[in-house]
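The values are calculated or read from the model by the stated rules, or taken from the named source; none is laboratory data. On a predicted model such as this, the values are computed, not experimentally measured, just so you know. Here the Cβ positions follow ideal geometry from the backbone for every residue, glycine too, while neighbour counts run over all protein chains shown.
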Number of protein chains: 2
Amino acid sequence: MLQLDPTVGDLEQNCHRIANLAKQAEEAGAVLGVSTELAVCGYPPRDLLMEHDFVERSMKAALSVPTNLPVLVGTPIPAEDDRMLPTNGVVRAGPPSTSITGDEHSRIVAEKQLLPTYDVFDEARYFSPKNRSGLARSVGGLTLGVTVCEDAWQSAGLTPSAYAQDPIEHIAGWCRQGVAIDATVNLSASPFHTEKFTTRLAVARHAASVLNHPFLLANQVGGNDDLLFDGRSLVAWPDGRAVIAPSWHEGVLMVDLADPDSCAWVSSTEGDALSIGSTDLMVLEAGDDGSALVDTIEELTNAVVSGLADYCRKSSIHSIVLGLSGGIDSAVAACVAAAAIGASKVTGLAMPSRHSSQHSIDDAVHTAEALGLEHRLHEIDAMHASVETVIGDVLSNGHPVAGENLQSRLRAIVVMGYANANGSMAITTGNKSEIAQGYCTLYGDMAGGYAPLGDVYKMDVYAMADFFNQRAKAEGLPAPVSDSTMTKPPSAELAPDQTDQDTLPPYDLLDDVLRSHIEGGLNADDLVAEGFDEPVVMDVLQRLERNEHKRWQMPPAPRVSRRAFGQGWRRPLASNHDWRRPG
Amino acid sequence: MLQLDPTVGDLEQNCHRIANLAKQAEEAGAVLGVSTELAVCGYPPRDLLMEHDFVERSMKAALSVPTNLPVLVGTPIPAEDDRMLPTNGVVRAGPPSTSITGDEHSRIVAEKQLLPTYDVFDEARYFSPKNRSGLARSVGGLTLGVTVCEDAWQSAGLTPSAYAQDPIEHIAGWCRQGVAIDATVNLSASPFHTEKFTTRLAVARHAASVLNHPFLLANQVGGNDDLLFDGRSLVAWPDGRAVIAPSWHEGVLMVDLADPDSCAWVSSTEGDALSIGSTDLMVLEAGDDGSALVDTIEELTNAVVSGLADYCRKSSIHSIVLGLSGGIDSAVAACVAAAAIGASKVTGLAMPSRHSSQHSIDDAVHTAEALGLEHRLHEIDAMHASVETVIGDVLSNGHPVAGENLQSRLRAIVVMGYANANGSMAITTGNKSEIAQGYCTLYGDMAGGYAPLGDVYKMDVYAMADFFNQRAKAEGLPAPVSDSTMTKPPSAELAPDQTDQDTLPPYDLLDDVLRSHIEGGLNADDLVAEGFDEPVVMDVLQRLERNEHKRWQMPPAPRVSRRAFGQGWRRPLASNHDWRRPG
């Protein structure tokens, strides 16, 4: 199972990575390699798939991957007719075999049958479905059922809508008719969220059980903008045993079909390969879903770090700049940035205003020094006063939020000045809870190319801070987030003695309401029936709706929850609500 | 044909508008009303359709529209099973008729067969297709074929991909079998671009010809964020005659099936109904595509004004603020804003910097005074100097664009200060050509809630300026765009003696390259083969790609071209290009 981290659109580099992992697999004794879904072009290619030329170049590149090992490569397959859509398919790359004629068409092994078109998926937009399952004979001496991602999910009943077909049942039917199938493989690009891993394992076990032979899944790893893929390629046996590859690593899961204990992990030798967290395999007995082996906050942290690391690598971003307020969010964002690209490439700017306390400055300096960031201090009060001279009458006669936003926007000018002068990327530090409530400033603290914490609830930001501190201590390093930052009441410090809780409910309560609504789909009535206080619920949901316009202009944030802002939450258009007021 | 301007998600107001137009139609002698596609919830509802509750409330609201006239109402229709998707359907509202039992299910008249899922459309994400055409018997004494939007387009061969079914051919088949059908109606939400109108007419004429009876199309009108609908509901006869309703007006096209000359237009009596441009009907003989009757620049201007007007109305925005530089873009944006919501509700801010010329200030004041805007002048040099005191060393040692962006961002602070203090919306003034080239500043001139010119090429901005000037003169008013603004070399005025052409090719050439690439789909090789200079082509296309990250954060812009930035141009994800650097 080639656990690949492709870059969307970069056919050449993706083929190089497939070939290199195939070589490592061959050297480790593999007889067959299986890539991830659409590995040649990366997932998701989106509207690149609407260019005929791109689809044709992808197919050609997939067939030409230079490898001695036979490899099943995921690629879009051009339609025979320009007025038809391509398919999401699998071709065989590698040396000719007795059952392969060399003709391109005969090297098509499988085409995806079930096209997910919900949440972050849009496959009916780009592909035609096939209504026949893939079967590869004599590939590496094996006969394999071949499926692509969603193909395996209908059988387990874990799709939001029902499909008319069930590819797993189809292959099982062949087995019952006496076709000897050694294993079924699945090429996946199955996105991450913190609860996804056990679901994916359940799908694999269900498939192995229905098929009565091993089920092997190769999953994409790494970040492509806001979408994260955790890897965790796996094999499940009909008796419920399973072996799972590490997350956040590019490499090869070597599968011994006969023996879970002989499976092994081979990390990629590419110099720039994603490599975050542990490389331990999970070897699970039937009934063990592995959740006890995964620390949710560690996994969340590694996910966020992977997202930023891959965003920088794939976009040729070599340095990061961010504002350090002394608060919890910017401290954790700094930890993430340092873990993603190295502390020496991160600049932290403390920019106190007239409302900032001395402890904020001290806390900001503490984080920068503990992490070893370059850091600078710029007082913004002179700029603030200068702007007030120009539009003071407007500010003093209008809504007080205008004056508060001013400070946030002046800081953005400083941060973007650094970014533009040095060719760095500014990152934002806001968390999901405050973005959901519009407790942030457009063109102020929302200014930047990436929002590492944009899908992390506030209480989880605290948990991440604790994780970074514990890890630093375990390594004999100073804890990057000060006790003061951990314990003081959160404050935007944009007005005298302001705290977040002047405006928002306590964050533990706010997070519960938001999570139940956003991930759980509960509406106001449901939430009140669940026992939440009605005025709090109405307040939170109205602020959520009223501030939707801000979320349209937020930068990409790595998706770690079941439902993130952005692609997976398609905005409705103008309504009778007045939530569009920019602010 | 009820040419409706619904608000997405606002069921109550939409039903009210349907009922009011139905009443006006009844008073004008109609026997049947036909609404637009998904009129009850507005088009496009996007992920609202994934809430079962929303679909059910829509259906209930559609069936309950208070009307004495029978009306065919577009609505999502819930699936019988929660794991199935709804359909995009048509129900009959109004008093019971002999052929109607009163049972909800029997009041379903049609369900959409062809679900467009390309460009701005995503219908396979939300709906199940039906494979049987609608037929309404004895509705208003007529027997009607009933289709929904895309259903009519396969027959004319004008969809990017082929569908397996053809609803028009299906109805024609019934006719050939002896079913007496008086007319076929089509409920549409067919978006605008400047070349769309003649295509839609060709589809209608083709359908009428195949069906051998009149084909009537009711089209949505107005703006929903970036999507515009021009209305222009129409009827076509088998002999090629056609009558077309006005664009940018809500109202009723009264159709006499027997006599084109007896068709009539009734404007909506709603106080807030969209009403821009002429209300003349087009009555066309066979072979006349009406294009000689439409002035493209007038239509483009009316479209942009309609988009902003509807955005403000539907979002409860009552005033607008914008920067006036003395340049062509901000002058035209001011004309658009004044036309959309009234000059008295628009504030123009002249914000000269050390690099601004006196003629820029004079030109800005000219536009503001000619239009009758409130206007203010704020020098930004003191703020500029204050920021330089803080980060001057960073700016002077880095890329010069950092210093240039500073001025643009300081202006954004002033504009947003006004907007936030007064509850106004800031609008951006950038045009499509410069946004395509990244010749704009994130969090600077890109800051605002709406980008009226964001899909208008630079040369068309000049043409719009000329149109506004001519119209003002014809009305005896001063021309809002000064001769100096029309003729001086365009300049961002962010560095001494800077002009746009220091960086970009001449705008007429740039627009040609961009239009051929973006709308025409020509790649670099194609463009060179067309005769464009290769270095220019490479330069333009590389700048287009390198600046894609800026377009992700641009506010909604009314879509007037075949291909706009945003929803209709799905961004690919991280590639090996370095175009993500914020700047």
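Taking region B:260-281 as the range and being of a type in the set (D, E, K, R) and either at pLDDT below 95 or not in a loop (DSSP other than H, G, I, E, B) (or both) as the test, only B:Asp261 passes. Take the conditions within 14 Å of chain A (Cβ to nearest Cβ), modelled with pLDDT of 95 or more and closer than 30 Å to B:Leu509 by Cα and apply them to B:Leu322. Does it pass? Yes: the conditions hold for B:Leu322. Residues in region B:543-566 that are of a type in the set (S, T, N, Q) and modelled with pLDDT under 90: B:Asn547, B:Gln553. Residues of region B:105-138 that are modelled with pLDDT under 90, within 28 Å of B:Gly173 (Cα to Cα) and part of a loop (DSSP other than H, G, I, E, B): B:Asn131, B:Arg132, B:Ser133.
Looking at A:Asp393, A:Asp455 in this structure, which one is charged (D, E, K, R) and either in a helix (DSSP H, G or I) or over 21 Å from A:Leu308 (Cβ atoms) (or both)? Working first, answer last.
Working: A:Asp455 fails: either in a helix (DSSP H, G or I) or over 21 Å from A:Leu308 (Cβ atoms) (or both).
Only one candidate qualifies: A:Asp393.
Candidates in region A:325-335 are the residues that are of a type outside the set (Ser, Thr, Tyr) and in contact with a Lys or Arg (Cβ under 9 Å, 6 or more places away or on another chain); of these, the one that is farthest from the other protein chains (Cβ to nearest Cβ) is A:Ile328.
Looking only at residues that are of a type in the set (Val, Ile, Thr) and in contact with a Cys (Cβ under 9 Å, 6 or more places away or on another chain) in region A:246-304, which one is nearest to A:Ala183 (Cα to Cα)? Steps first, answer last, please.
Keep residues of region A:246-304 that are of a type in the set (Val, Ile, Thr), which gives A:252, A:255, A:266, A:269, A:276, A:279, A:283, A:294, A:296-297, A:301, A:304.
Filter once more, so that each one left must be in contact with a Cys (Cβ under 9 Å, 6 or more places away or on another chain): A:255, A:283, A:301.
Working: A:Val255: 11, A:Val283: 19, A:Thr301: 35 Å.
Looking at the filtered set, the residue picked out is A:Val255.
Checked against the criterion of being touching a helix residue (DSSP H, G or I) at 6+ places or on another chain (Cβ under 9 Å), in the same structural domain as A:Ala136 (by TED's automatic domain parsing), among the aliphatic types (A, V, I, L, M) and in a helix (DSSP H, G or I), region A:62-75 has at least one qualifying residue. When A:His213 is tested against (1) in a strand (DSSP E or B); (2) touching a helix residue (DSSP H, G or I) at 6+ places or on another chain (Cβ under 9 Å), just one condition goes unmet, and that condition is (1). Six or more apart or on different chains, Cβ atoms under 8 Å: show the pairs whose first residue is in region A:257-274 and farther than 30 Å from A:Lys314 by Cα and not assigned by TED's automatic domain parsing to the domain that holds A:Ser316 and whose second is in a loop (DSSP other than H, G, I, E, B) and β-branched (Val, Ile, Thr). If the second residue must be in a loop (DSSP other than H, G, I, E, B) and β-branched (Val, Ile, Thr), the pairs left are A:Cys263/A:Val255.
Filtering region A:185-202 for residues that are assigned by TED's automatic domain parsing to the domain that holds A:Asn131, surrounded by fewer than 19 Cβ atoms within 10 Å (Cβ to Cβ), part of a helix (DSSP H, G or I) and in contact with a Lys or Arg (Cβ under 9 Å, 6 or more places away or on another chain) leaves a non-empty set. Select from region B:1-29 the residues that are more than 14 Å from chain A (Cβ to nearest Cβ), surrounded by fewer than 23 Cβ atoms within 10 Å (Cβ to Cβ) and in contact (Cβ under 8 Å) with a residue 40 or more places away in the chain and list them in ascending order. The answer is B:Ala19, B:Asn20, B:Lys23, B:Gln24, B:Glu26, B:Ala28, B:Gly29. Taken over region B:1-35, the criterion of being touching a Pro at 6+ places or on another chain (Cβ under 7 Å) and in a loop (DSSP other than H, G, I, E, B) is satisfied by B:Val8, B:Gly9, B:Leu32. Looking across region B:288-314, just one residue is within 12 Å of another protein chain (Cβ to nearest Cβ) and free of Cβ contacts under 8 Å to residues at least 60 places away in the same chain, and that is B:Arg313. Among the residues of region A:313-326, those identified as crowded, with 24+ Cβ neighbours inside 10 Å and out of contact with any strand residue (DSSP E or B) (no Cβ under 7 Å at 6 or more places or on another chain) are A:Lys314, A:Ser325, A:Gly326. Restricting attention to region A:42-65, the residues being surrounded by fewer than 17 Cβ atoms within 10 Å (Cβ to Cβ) and either farther than 17 Å from A:Asn14 by Cα or in contact with a Gly (Cβ under 9 Å, 6 or more places away or on another chain) (or both) number 3. Being surrounded by 19 or more Cβ atoms within 10 Å (Cβ to Cβ), more than 7 Å from every other protein chain (Cβ to nearest Cβ) and in contact with a strand residue (DSSP E or B) (Cβ under 8 Å, 6 or more places away or on another chain) is the filter here; which residues of region B:373-419 pass it? B:Leu373, B:Arg411, B:Val415, listed by residue number. Count of region A:460-490 residues, restricted to those that are in contact with a helix residue (DSSP H, G or I) (Cβ under 9 Å, 6 or more places away or on another chain) and either aliphatic (A, V, I, L, M) or crowded, with 17+ Cβ neighbours inside 10 Å (or both), is 19. For region B:398-433, which residues satisfy the criterion of being in a loop (DSSP other than H, G, I, E, B) and of a type in the set (S, T, N, Q)? The answer is B:Ser424, B:Thr428, B:Thr429, B:Asn431.
Out of the residues in region B:228-256 that are in contact (Cβ under 8 Å) with a residue 40 or more places away in the chain and acidic (Asp, Glu), which is surrounded by the fewest Cβ atoms within 10 Å (Cβ to Cβ)? Checking each candidate, the answer is B:Asp239.
Screening the candidates A:Pro191, A:Pro214 for the property of being within 14 Å of another protein chain (Cβ to nearest Cβ) and under 23 Å from A:Met254 (Cα atoms) yields one hit, A:Pro191.
What's the total number of residues in region A:153-170 that are touching a Ser or Thr at 6+ places or on another chain (Cβ under 8 Å), closer than 19 Å to A:Ala242 by Cβ and either away from chain B (no Cβ under 14 Å) or not in a loop (DSSP other than H, G, I, E, B) (or both)?
1
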